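Remarks on the structure that follows.
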Amino acid sequence: MVALFNCMLSKFMGGTLNSTPCKCMLLFVFILILRAILLRPLHGFDGVEWSNFVFIRNHSPASIGVRQEKFLEIPQIVWGLNNQKIAFARACLTARLLNRTLLMPSLSASLFYKEIDLLQPISFDKVFQFDKFNVLCSGFVQLGRYSDVLNRTQVLEMQKGSGRKWTVERDLDQLRQHSIGSFNDHEIIRIVGKNPFLWHDHWPVKDYAKVFECLVLVDEIAKEADRVVSRIRAVGNTESMEMENDSFSFQPLPYVAVHMRIEIDWMIHCKKLEQRLQTNQICSSKKEIMERVGNITGLKNPVVYLAVADQLLKNSSILEGWQEGFLPFEKKKLGVDGIYSKYPYLIQSAIDYEVCLRADIFVGNSFSTFSSLIVLERTQKMIRMGIDDMCQTDVRWPSYAYNIAGDSNGPMRWITNMSDSSLKAISYGTDHISC
């Protein structure tokens, strides 16, 4: 650097840069600058491999945004509401890695696990707001319509691998290969094969959370959820006024949503899962759920909304046996079953999800995808509110897992671990912050 300074000083004083040392020094500086430009790290290719999870950072730089003239097409998304949300987010993140716009997919309004031909397709924008999604996720992921495509003949089909030999590393290599070179000449890359929910996962939970934050229900469905929540609040206000003789001491009753998984198919599934994972903290009986909810510290005289499968609505026993002062309701007793019955399964689940999400207190099963995504969103709310200690007793948006014992034999306080966790660990209840 001293030699370079002397050369520049010589030039400034009226000299020349023709001396051999000065020429060599300037050439050296030029090579260093050229090397810095050409050998910058490529975005989307700096991964850290874990045992069964490959974590990708910076898939496409937000400053550049997502290409809107190249597209990714995926198969119809199927299964339950939250499985479909996960599959959609995984497709969005795949498109992000490929630096492509995801063509708006079809969801499934009906719930058939085996009879694929009976699946009832429903457009994404019939459930979630298309334009709102693109505004909220601008620069991160992008949705496009088929009308945006110029030439549908320029389609490259990418077959997703399957079986044990199709490892997470091979899957990631395939995606990387399709993000460069001649593959970029194709306007559309169409992924064929498995439902996106079954694709290998390459992203941390915080990336999924970002996509979930952009999913806003269309006005019609949101208003139906408003009606259910308003009904729950109204019941609580009426009961509270009857309890209080002095109107000046009126306090609205807390509203607790309990995602009660006790239906037969769930119990069969969770028992098998307990055997495989060698644990006894997945299944919970109706009695255990009632007892643990009743033991939540400081909870008095709540309205308890039971989010249960329709097959349990005919079983009045789910409303019996609750602790004195607790006011249990389900759709039928609350008088809102007519709201739900107007819609197919997917919309019903979306309404129930929103009702549970807005509750003062949420209690669910840590191995349920439905419960896990609700707690993920509630954790995100607390983070946005700037809450440092999420374990404090008077925190807003608290959540609990009734399948794991907590203080005083109540349910365990449940907070999603947002630091480099995989979505599989979150939805399987193996990665959370307990208080």
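Odds and ends about this structure:
- Greater than 20 Å apart at Cα, pairs in K85/K333; K223/K331; K85/K165; K85/K286: K85/K333; K85/K165; K85/K286
- Across the stretch 152-159, rounded Karplus estimates of 3J(HN,Hα) from the backbone phi angles (6.51 cos²θ - 1.76 cosθ + 1.60, θ = phi - 60°) give 6, 7, 8, 10, 10, 8, 10, 7 Hz, Gly and Pro being marked x.
- Solvent-accessible area of L72, all protein chains in place: 0 Å² (probe radius 1.4 Å, heavy atoms, ligands and nucleic acids excluded).
- Surrounding net charge for R261, when Lys and Arg each add one and Asp and Glu each subtract one, Cβ distance under 15 Å: -2
- Over all other residues within a Cβ to Cβ distance under 9 Å of L319, the charged ones net out to -1, with Lys and Arg as +1 and Asp and Glu as -1.
- Length available on full extension from E220 to N315: 0.36 nm per residue minus the Cα-Cα distance, which gives 31.2 nm.
- Sorting K331, K223 by accessible area puts them as K223, K331; the probe is 1.4 Å, largest comes first, and only protein heavy atoms count.
- Cβ-defined net charge surrounding F367, 11 Å radius [Lys, Arg +1; Asp, Glu -1]: 0
- Spacing of the modelled spin labels on N295 and D388, each 7 Å from Cα toward Cβ, amounts to 3.2 nm.
- Largest-first ordering by accessible area, 1.4 Å probe, given options Y343, Y208: Y343, Y208
The values are calculated or read from the model by the stated rules, or taken from the named source; none is laboratory data. What you see is a predicted model; the values in this text were computed from it and never measured. Neighbour counts are summed over all protein chains in view; Cβ atoms, including those assigned to glycine, are modelled from backbone coordinates with ideal geometry. Calculation scope for accessible area: heavy atoms of the full protein, side chains included, ligands and nucleic acids excluded. Shrake-Rupley method; radii C 1.70, N 1.55, O 1.52, S 1.80 Å.
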